[in-house]
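Please read the structure below before turning to the comments.
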Amino acid sequence: METQVQTELAPKSSGLLQQQLCEAALYVSGRPLDFKTIGSVIGARSEEKIRSIARAIAERYAKIDSPIQVLELPDGRFVMQLRSEFVKNVRKLSNRPLLTPGPLRTLSFIALRQPISQSHVVRVRGKLAYGHVKQLKEMDLISYDKLGRTRVLRTTITFADYFNLNHDPALMKKELKNVLDLTNQPQAEKVQESASPEQP
């Protein structure tokens, strides 16, 4: 009798553990995770099962009205992140920024206008942009292809994952405009803002 009860409980315990491991993976990674990555952590291969587990976690967070949310991205990956309405209140408590203001502005400019030539970036952002591009390339946040004497710059998958953005450039630009609140600004103001005085 006791053995039978343990056998019946085992699948539930296993399912709970898989859900806990999935949640832990999303929390620790700080970036979107695909089915293969989540599956390797929770010990599952079926995309349907992995999706079901991740969606259950997302629903649980939504039900308790948590400031944390688990999102299913259009490309099928899942990410755990802070709800946007709470970001401004706790931003000062976050870890040291990845980039100083100058390179970050250059990166934003590239991301919003990619693919874009390095010469155009330098023309708008100033000569310090050469150093910014080098730094961003070393951090694998941008990549480039040579085109004559200049380079054509694009953001990378690493960039998209770090900032929890879509891999599709068109969708990424829309997400960035929403995040940066550029949707209602005239184009001239956007360019002027991007060309603001340099910071190293």
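May I ask you to say which residue of LYS92, LYS137 is over 30 Å from LEU16 (Cα atoms), free of Cβ contacts under 8 Å to residues at least 12 places away in the same chain and out of contact with any Phe, Trp or Tyr (no Cβ under 9 Å at 6 or more places or on another chain)? Break it down stepwise before answering.
On the way: LYS137 fails: out of contact with any Phe, Trp or Tyr (no Cβ under 9 Å at 6 or more places or on another chain).
One residue alone meets the criteria, LYS92.
Would you confirm whether any residue within the range 182-200 is of a type in the set (A, V, I, L, M), in contact with a helix residue (DSSP H, G or I) (Cβ under 9 Å, 6 or more places away or on another chain) and modelled with pLDDT of 90 or more? Before the answer, list the steps.
Restricting attention to the range 182-200, the residues satisfying the condition of being of a type in the set (A, V, I, L, M) are 182, 188, 191, 195.
Next, only the ones that are in contact with a helix residue (DSSP H, G or I) (Cβ under 9 Å, 6 or more places away or on another chain) stay: 182, 191, 195.
The next check asks that each one be modelled with pLDDT of 90 or more; those that pass are none.
No, every residue in the range 182-200 fails to be of a type in the set (A, V, I, L, M), in contact with a helix residue (DSSP H, G or I) (Cβ under 9 Å, 6 or more places away or on another chain) and modelled with pLDDT of 90 or more.
Could you check how many residues of the range 101-131 are in a helix (DSSP H, G or I) and open to solvent by 10 Å² or more (accessible area, probe 1.4 Å)? Don't jump to the end; show me each part of the working.
Here is the first cut: in the range 101-131, the residues in a helix (DSSP H, G or I) are 101-113, 118-125, 129-131.
Narrowing the set further to residues that are open to solvent by 10 Å² or more (accessible area, probe 1.4 Å) leaves 101, 104-105, 108, 112-113, 118-120, 122-124, 130-131.
Residues in the range 101-131 being in a helix (DSSP H, G or I) and open to solvent by 10 Å² or more (accessible area, probe 1.4 Å): 14 in total.
Looking only at the range 28-57, how many residues end up being in a helix (DSSP H, G or I) and closer than 16 Å to GLY15 by Cα?
Taking the range 28-57 first, the residues in a helix (DSSP H, G or I) are 28-29, 35-42, 47-57.
Next, only the ones that are closer than 16 Å to GLY15 by Cα stay: 38-42, 47-57.
Number satisfying all stated conditions: 16.
Show the residue pairs that are 6+ apart or on different chains and have beta-carbon atoms under 9 Å apart, the first residue being within the range 156-174 and touching a residue at least 60 places away in the same chain (Cβ under 8 Å), the second being of a type in the set (Phe, Trp, Tyr) and in a helix (DSSP H, G or I).
What qualifies is MET172/PHE159.
So which residues in the range 142-170 are closer than 17 Å to THR106 by Cβ, open to solvent by 50 Å² or more (accessible area, probe 1.4 Å) and not in a strand (DSSP E or B)?
Of everything in the range 142-170, those that are closer than 17 Å to THR106 by Cβ, open to solvent by 50 Å² or more (accessible area, probe 1.4 Å) and not in a strand (DSSP E or B) turn out to be THR158, TYR162, PHE163.
Within the set of pairs 6+ apart or on separate chains, which have a first residue in the range 28-51 that is without any contact (Cβ under 8 Å) to a residue 24 or more places away in the chain, a second that is open to solvent by 90 Å² or more (accessible area, probe 1.4 Å), and C-beta atoms under 6 Å apart?
Short answer, once both residue conditions are applied: GLY39/ARG45.
The values are calculated or read from the model by the stated rules, or taken from the named source; none is laboratory data. Bear in mind the structure is a predicted one, so any value in this text is a computation, not a measurement. Reconstructed Cβ throughout: ideal geometry from the backbone, glycine too, with neighbour counts over all protein chains shown. Remember, those area values only see protein heavy atoms, side chains included, never the ligands or the DNA or RNA. Shrake-Rupley method; radii C 1.70, N 1.55, O 1.52, S 1.80 Å.
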